[in-house]
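Written out below as structure tokens is the structure these notes cover.
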Amino acid sequence: MDPRATAPTPSTAPARPVNVLLFAVAGAVTVANIYFPQPLLAAVARGLDVSVRTAGLIASAAQIGYALGILLLVPLADTARLRRLTSVLLALTTAALLVAASAPGVVTLALATLALSTTTVLPQILTPVAAVRAGPGRQGRAVGLVGLGLTLGSTLSRTVAGAVTDASGTWRAAYLVAAVATAALLLVLPRRLPERLGSRGHTSYAGLLAGLPGLLAAHRALRVSALLGACVFAAFSVFWAVLAFHLAAPPLGYGPGAAGLFGVLTLPAALLSATAGPLTDRYGAQVVSAGGLVLTGLGLGVAGLAPYSPVALVAGANLLVVGVSSCQVANQARIFGIGRAVAARVNTVFMLATFGGGALGSLAGSWLYAEHGWAAAVLAAGAFVALGGLVAVCSARPAAPSCVPDVTREAGGIRPRTPQGES
């Protein structure tokens, strides 16, 4: 791999320390807003007197909104005042959660979900802030800890939402709890953030968005991470998109709660994935991402070879979670080495590629399972992992001298970086 693509610049040295643990908690709370409605859809359908398919629009609205927020809002973190941006996003998310809690119909609930998921992209802002403020040699730890918060938030939010709904007798209570938790962050988080991620920029909002493709073309590290992220998340999405159907089908015949239980059963893997950060700092992103690919492949192999063994499926799911999470941490640590001036925008490109791979995996897995069953879906997931392995092997080769020179997009334009990564 081209050393210029990952060498951190002196500007990445921390100007003031940040509380990465607070960032992890804030990430867990905010990312939960995307996932906690999923186990409530049946209750929403009954409460609003709509079909389950119609209620499913809520989950789609959440994913669409999150992707829009990553594209349209996260790039602002490179030039905006972080405390103000964070305060506005948390306030808007809280307001949208309250609207959702009082929604009289499914249309209002879907629109409120779209709005709150668009503004709850704070995890994708906090991750680059934590990474560049951590400084050289500690970026993996910072990304890993925030990533652990996101994993726990997305996993446990489903369990908490279901428990709150069962205890209160209404799905609206879960939205109220989420609104209170998000509002609490508004009182604590903004004041703990640096004023800005980098230097004050003068690039227009349109310029920030227009420059995203150029970043992908200019930085080999970003291309590698984006491709790997898309491949491993595609495999991950294939597995989880069809798991509930596989568990419900004969001879297993488990109820719908079984798939939700898998989220709790994979907590050991989520906790273990926190080691990916320190390992990345010590051995490099290339080694850790390769190890993550191997673990992901092993998980799919276990689940594919023993498709009707609950123990094997749980073991495979744990291997899959730790493998994909490790790849994610390593890939993000790699791109945050590009430089502080573009940290939020390279994360935007990376996350869009990752979500694109996930969407492709979900579609491919659902179609293959419906047509050919579990084995075909697992083989498709394995094919995505194999493609990721090919990317990893090719990226290990030194970049040719004729390659496009690595550049850093500053607030006012693009300028080449020196071979040592100095800016």
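The values are calculated or read from the model by the stated rules, or taken from the named source; none is laboratory data. Since this is a predicted model, take the numbers as computed values, not measurements. Note that each Cβ is placed from the backbone with ideal geometry, even for glycine, and that neighbours are counted across all protein chains shown.
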(request) Considering (1) touching a residue at least 24 places away in the same chain (Cβ under 8 Å); (2) more than 20 Å from the chain's Cα centre (by Cα); (3) more than 20 Å from G357 (Cα to Cα), say which one A306 fails and leave the rest. (result) (1)
(request) Among what's in segment 248-269 and is outside any loop (DSSP other than H, G, I, E, B) and at pLDDT 85 or above, pick the residue that is surrounded by the most Cβ atoms within 10 Å (Cβ to Cβ). (result) A269
(message) I'm trying to understand the selection: among the residues of segment 56-80, which are modelled with pLDDT under 85 and not in a helix (DSSP H, G or I)?
(response) G56
(request) Please name all residue pairs, on different chains or six or more residues apart, with Cβ atoms under 8 Å, provided the first residue is in segment 214-240 and is in contact (Cβ under 8 Å) with a residue 24 or more places away in the chain and the second residue is outside any helix (DSSP H, G or I) and among the basic types (K, R). (result) G214/R409; L215/R409; A218/R409
(message) Need the failing condition index for T348 against (1) part of a helix (DSSP H, G or I); (2) modelled with pLDDT under 90, just the number.
(response) (2)
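Name the one entry in L90, L156 that is crowded, with 20+ Cβ neighbours inside 10 Å and either in contact (Cβ under 8 Å) with a residue 24 or more places away in the chain or outside the structural domain of A276 (by TED's automatic domain parsing) (or both).
Details: L156 fails: crowded, with 20+ Cβ neighbours inside 10 Å.
Result of the check over L90, L156: L90.
Check A167, A112, A178 and return the single one that is without any contact (Cβ under 8 Å) to a residue 12 or more places away in the chain and assigned to a helix (DSSP H, G or I).
Result: A167 is the single residue among A167, A112, A178 that is without any contact (Cβ under 8 Å) to a residue 12 or more places away in the chain and assigned to a helix (DSSP H, G or I).
L216: surrounded by fewer than 22 Cβ atoms within 10 Å (Cβ to Cβ) and within 26 Å of T113 (Cβ to Cβ), yes or no?
Values: surrounded by fewer than 22 Cβ atoms within 10 Å (Cβ to Cβ): yes; within 26 Å of T113 (Cβ to Cβ): no.
When the stated conditions are applied, L216 does not pass them.
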(request) All but one of (1) under 22 Å from the mean Cα position of the chain (by Cα); (2) within 19 Å of P39 (Cβ to Cβ); (3) of a type in the set (K, R) hold for R138, so report the exception by its number. (result) (2)
